[in-house]
Amino acid sequence: RSTQSRSSAASDVYKRQEIIKKIIGIIILIISMFFGVYAIAIGTLINGIIATFINAYPNLQLLNYSYKEQVKDITPSLLLSIFMGFIVYSVLFLKLSPYLTLILQILIGMCVYIGIAKVFKLECFTYLLNTIKGMLKKR
């Protein structure tokens with residue numbers, strides 16, 4: 001296969017994935033909006049999980065990169081995010097003003113995430129740092 005036909009096939013797969021995800025997202029939004037804001041938030045979470053599997057499927061087919069391997073690769077970041085979420089959520093119990101709470105949550109969340117990612121040398125974090133450094137060097 002030529003590079004152009006592979007690129008075209010990849011863009012067709014991507015386009016198909018996006019259409020499927022948008023249709024599912026709209027259906028979930030329409031259903032959840034009748035049940036309130038929390039239902040919309042839960043619907044968004046469900047849609048994100050479904051979208052993850054839709055996005056992972058071509059990796060399985062084209063690269064023989066199984067769901068299990070993909071989950072194993074994202075698990076450290078997922079666990080770190082969940083831990084950070086609990087820490088950030090706990091700031092609510094300080095009963096501060098909404099603006100101060102938000103500012104503290106953002107700062108604490110960043111510090112916790114970056115700190116733990118550095119301590120455990122998460123590959124995704126190292127990749128992000130190297131990408132940012134490379135972009136800054138080009139300027």
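Below, the figures for the structure above:
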{"item": "Selection status of I106, closer than 26 Å to F53 by Cβ and in a helix (DSSP H, G or I)", "result": "no"}
{"item": "Residues of the range 85-139 classified as over 19 Å from the mean Cα position of the chain (by Cα), hydroxyl-bearing (S, T, Y) and open to solvent by 100 Å² or more (accessible area, probe 1.4 Å), total", "result": "1"}
{"item": "The range 61-85 residues that are closer than 22 Å to T126 by Cβ, paired with ones that are open to solvent by less than 100 Å² (accessible area, probe 1.4 Å) and part of a helix (DSSP H, G or I) (beta carbon under 6 Å, 6 or more apart)", "result": "Y65/N59; Q70/A56; S77/C124; L80/I116; M84/G109; M84/V112; M84/Y113"}
{"item": "Residue match in the range 29-51 (condition: open to solvent by 60 Å² or more (accessible area, probe 1.4 Å), closer than 28 Å to E123 by Cα and either touching a strand residue (DSSP E or B) at 6+ places or on another chain (Cβ under 8 Å) or at pLDDT below 90 (or both))", "result": "no"}
{"item": "Qualifying positions in the range 52-76 - under 14 Å from I20 (Cβ atoms) and open to solvent by less than 90 Å² (accessible area, probe 1.4 Å)", "result": "T52, I54, N55, A56, P58"}
{"item": "Positions within the range 10-26 being in contact with a helix residue (DSSP H, G or I) (Cβ under 9 Å, 6 or more places away or on another chain) and either at pLDDT below 90 or under 12 Å from T44 (Cα atoms) (or both), in sequence order", "result": "A10, V13, Y14, K21, I24, G25"}
{"item": "Pair list, Cβ < 8 Å and 6+ apart or interchain, from the range 118-139 residues that are more than 20 Å from Q70 (Cβ to Cβ) and charged (D, E, K, R) to residues that are outside any helix (DSSP H, G or I) and at pLDDT 85 or above", "result": "none"}
{"item": "When residues of the range 11-28 are limited to those that are surrounded by 12 or more Cβ atoms within 10 Å (Cβ to Cβ), free of Cβ contacts under 8 Å to residues at least 24 places away in the same chain and more than 19 Å from the chain's Cα centre (by Cα), the one farthest from F53 (Cα to Cα)", "result": "I27"}
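The values are calculated or read from the model by the stated rules, or taken from the named source; none is laboratory data. Worth saying up front: this structure is predicted, and the values here are computed from it rather than measured. Every residue, glycine as well, gets a Cβ built from its backbone with ideal geometry; the counts of neighbours run over all protein chains shown. Areas reflect the complete protein model, heavy atoms only, side chains present, ligands, DNA and RNA absent. Shrake-Rupley method; radii C 1.70, N 1.55, O 1.52, S 1.80 Å.
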